[in-house]
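Below is one structure, written out as structure tokens; comments come after it.
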Amino acid sequence: MQSELNNICDYFVHNKLVINISKSTETIFYTKRPSVPPPGPMLLLYDSHLKKTNCFKYLGVILDSTLSWTLHTELVFGKLSRSFSVIKNLAPLLNAPSIKCLYFSIFNSYLFFSNLNWGHQSQNKLRRINSLQLRLIRIIKTVHPSLSDSFQPLTVAQIHLRLLAIILFRVKTLSLPQTICSSLLESLRISPRPYPLRSTPAPDLPHLRTEYGRASIFYQIIFHYHFLTSTNDGCSTINELKSKLKTYFSMTNLV
């Protein structure tokens, strides 16, 4: 690990880039099984020891040492709570289209952000977020009765399924980078074709030893294989798929 870190430092120096040592940390990823986390090596960055941490934030996403996404879920809940207060106070002052726009701008956007990473969690872990969303929707519909039928936002789980269905569609139609399509098609043992995917048996779920394996797109596609293939079948464009998913979620009404 030290040699690879030295190579990274050499690359930065060669390209006249600077690494911020004060913001650089070392995190060891491990499974939940060991009661005592492994110590890990002592790494040097420009002759300075890297600070060891159990979590770090990267591009707005908190990654912890076991990739349980608990800390990131708490971060999302905090942001949603602030947005909840803003929308609740402004709901009586704004008309229906404006409050709907505000909801999707400062509340729903947090549910979508990096959802493929953390949206797979159990309903128990997402309980606080789902409860807060449901309370806000009830407040909006109470203040603006005209939105009772038309305003049906997706839950975290529904957003996760929607994104997975879109990914499977793009893989099936080879509209993603070739390396990604080839890897997923080979792993799922399917090939791009026009006839229904439901005729293909679902691949076996891999045996997982880590939480980040469960969060992988490959595992999640297999886990929801029958739903994803049934929604993809018969859709020739991405807009048809989105329309089909919207109809399905409005019928299930899981919010």
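The values are calculated or read from the model by the stated rules, or taken from the named source; none is laboratory data. Everything quoted here is computed from the prediction, not taken from an experiment. Quick reminder, even Gly has a Cβ in these numbers, built from the backbone with ideal geometry, and neighbours come from all protein chains shown.
Filter segment 232-246 down to residues that are at pLDDT 80 or above and within 22 Å of the chain's Cα centre (by Cα) and give me whichever is surrounded by the fewest Cβ atoms within 10 Å (Cβ to Cβ). Residue satisfying both the conditions and the ranking: Asn239. Of the candidates Leu90, Leu43, Leu50, Leu67, the single residue that is among the hydrophobic types (A, V, I, L, M, F, W, C) and modelled with pLDDT of 85 or more is Leu90. Is it true that Ser146 is part of a loop (DSSP other than H, G, I, E, B), among the small types (Gly, Ala, Ser) and touching a helix residue (DSSP H, G or I) at 6+ places or on another chain (Cβ under 7 Å)? Criteria not met by Ser146.
Condition check ((1) at pLDDT 80 or above; (2) outside any helix (DSSP H, G or I); (3) surrounded by fewer than 19 Cβ atoms within 10 Å (Cβ to Cβ); (4) of a type in the set (S, T, N, Q)) across all residues:
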| residue | (1), (2), (3), (4) |
| --- | --- |
| His120 | yes, yes, no, no |
| Arg135 | yes, no, yes, no |
| Ile140 | yes, no, no, no |
| Thr179 | no, no, yes, yes |
| Ser182 | no, no, yes, yes |
| Ser187 | no, no, yes, yes |
| Ser191 | no, yes, yes, yes |
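Filtering Ser85, Ser98, Ser48 for residues that are over 21 Å from the mean Cα position of the chain (by Cα) and not assigned by TED's automatic domain parsing to the domain that holds Asp149 leaves a single hit, Ser48.
For the condition within 21 Å of the chain's Cα centre (by Cα) and at pLDDT 85 or above, Tyr30 does not qualify. Only helices (runs of 4 or more DSSP H) whose full extent lies in segment 12-117 are considered here, and none of them has at least 2 residues that are exposed (fewer than 15 other Cβ atoms within 10 Å of the Cβ), touching a residue at least 24 places away in the same chain (Cβ under 8 Å) and touching a His at 6+ places or on another chain (Cβ under 9 Å). Take segment 142-166 and flag every residue that is surrounded by 14 or more Cβ atoms within 10 Å (Cβ to Cβ) and either of a type in the set (Phe, Trp, Tyr) or over 16 Å from Trp118 (Cβ atoms) (or both). Once the filter is applied, which keeps residues that are surrounded by 14 or more Cβ atoms within 10 Å (Cβ to Cβ) and either of a type in the set (Phe, Trp, Tyr) or over 16 Å from Trp118 (Cβ atoms) (or both), segment 142-166 yields Val143, His144, Leu147, Phe151, Gln152, Pro153, Ala165, Ile166.
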